1. Scan the stretch 126-142 residue by residue and report those that are more than 12 Å from the chain's Cα centre (by Cα) and crowded, with 17+ Cβ neighbours inside 10 Å.
2. Please count how many residues of the stretch 100-118 are of a type outside the set (A, V, I, L, M, F, W, C) and not in a helix (DSSP H, G or I).
3. Quick test of your reading of the structure: L123 fulfils all but one of (1) away from the ligand (no atom under 11 Å from the Cβ); (2) closer than 18 Å to S53 by Cα. Name the failing condition by number.
4. Evaluate the stretch 147-155: report whether one residue or more is under 20 Å from G54 (Cβ atoms), at pLDDT below 95 and touching a helix residue (DSSP H, G or I) at 6+ places or on another chain (Cβ under 9 Å).
5. How many residues are touching a strand residue (DSSP E or B) at 6+ places or on another chain (Cβ under 8 Å), near the ligand (Cβ under 8 Å from one of its atoms) and part of a loop (DSSP other than H, G, I, E, B) when one looks only at the stretch 130-168?
6. Looking only at the stretch 188-204, count how many residues are assigned to a helix (DSSP H, G or I) and either among the hydrophobic types (A, V, I, L, M, F, W, C) or surrounded by 19 or more Cβ atoms within 10 Å (Cβ to Cβ) (or both).
7. Let me spell it out: the conditions are (1) surrounded by fewer than 20 Cβ atoms within 10 Å (Cβ to Cβ); (2) under 23 Å from D145 (Cβ atoms), and R101 meets all of them except one. Which number is the exception?
8. Could you go through the stretch 180-194 and let me know if any residue there is within 16 Å of the ligand (Cβ to nearest atom), out of contact with any Phe, Trp or Tyr (no Cβ under 9 Å at 6 or more places or on another chain) and not polar (S, T, N, Q).
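The values are calculated or read from the model by the stated rules, or taken from the named source; none is laboratory data. All of these numbers come straight from a predicted model, not from anything done at the bench. Note that we place each Cβ from the backbone using ideal geometry, even for glycine, and neighbour counts take in every protein chain shown.
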Amino acid sequence: MSDDTPTGAIIQRDKATYAIVPKTPVGLLSVEHLESIAAVVRKYNIPIIKITSGQRFALVGIKKEDVGNVWKDLGMDPGKAAGSELCLHYVQACPGTAVCRFGVQDSIGLGNEVDKFFSEMELAAKVKIGVSGCPFCCGESFVRDIGVLGKKNGWTLIIGGSSARRPRIGDVIAENLSKEEVLNLIRRFLQYYSTHAKKKERTARFLDLLGVENIKEAILQ
Ligand code: SF4
């Protein structure tokens, strides 16, 4: 990111325009959000609206001088999206018991709590979290830094997954957890990770280097 990059914006390939990504925890949007997005897209002639893999809208091709006013008009918080932001970037979640007939756990409810508790935590690198309401795993829990998966007897916690250039299936750390237990274990893992990982070392690499058994021993006491 160059020094004069506007707050909450990412420079694009043309080196002239910017993208912004409003925060939409667990991919939920209200009609007011949609109306605000449509209004700024028209007002500022934003050429591209792209749905991202993290269940967010990216508004792409914004002129530098418009970025501040776009944020003001949108009335939404910026989502973390630049690689230099070492923190939780997003929590994605499937619909779970809110609406899905296969759901056995409340993935949207848990995803919102995870976002609320861990969004502001400083971490070693960016972290993505996926929450699924049943073993079909539509929240992509095995390929996120932290994955949570609902089964009839409770939540399963998975860490160290990645869908990137060196893909990695995450390791199951604990099963049959209550909501409080899974939140507590996520906190313990994130604290351990932010203390012991090198800067910008993603969880997948961290798991490979330290070994899952060592990490389990450290956080499951
Ligand atoms: S993971 Fe299960 S609960 Fe979630 S959307 Fe898929 S089928 Fe439904």
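1. S132, G133, C134, C137, C138, F142
2. Count: 4.
3. Against the list (1) away from the ligand (no atom under 11 Å from the Cβ); (2) closer than 18 Å to S53 by Cα, L123 comes up short only on (2).
4. Checking the stretch 147-155: not a single residue is under 20 Å from G54 (Cβ atoms), at pLDDT below 95 and touching a helix residue (DSSP H, G or I) at 6+ places or on another chain (Cβ under 9 Å).
5. 6
6. 5
7. Exception for R101: condition (2).
8. Checking the stretch 180-194: not a single residue is within 16 Å of the ligand (Cβ to nearest atom), out of contact with any Phe, Trp or Tyr (no Cβ under 9 Å at 6 or more places or on another chain) and not polar (S, T, N, Q).
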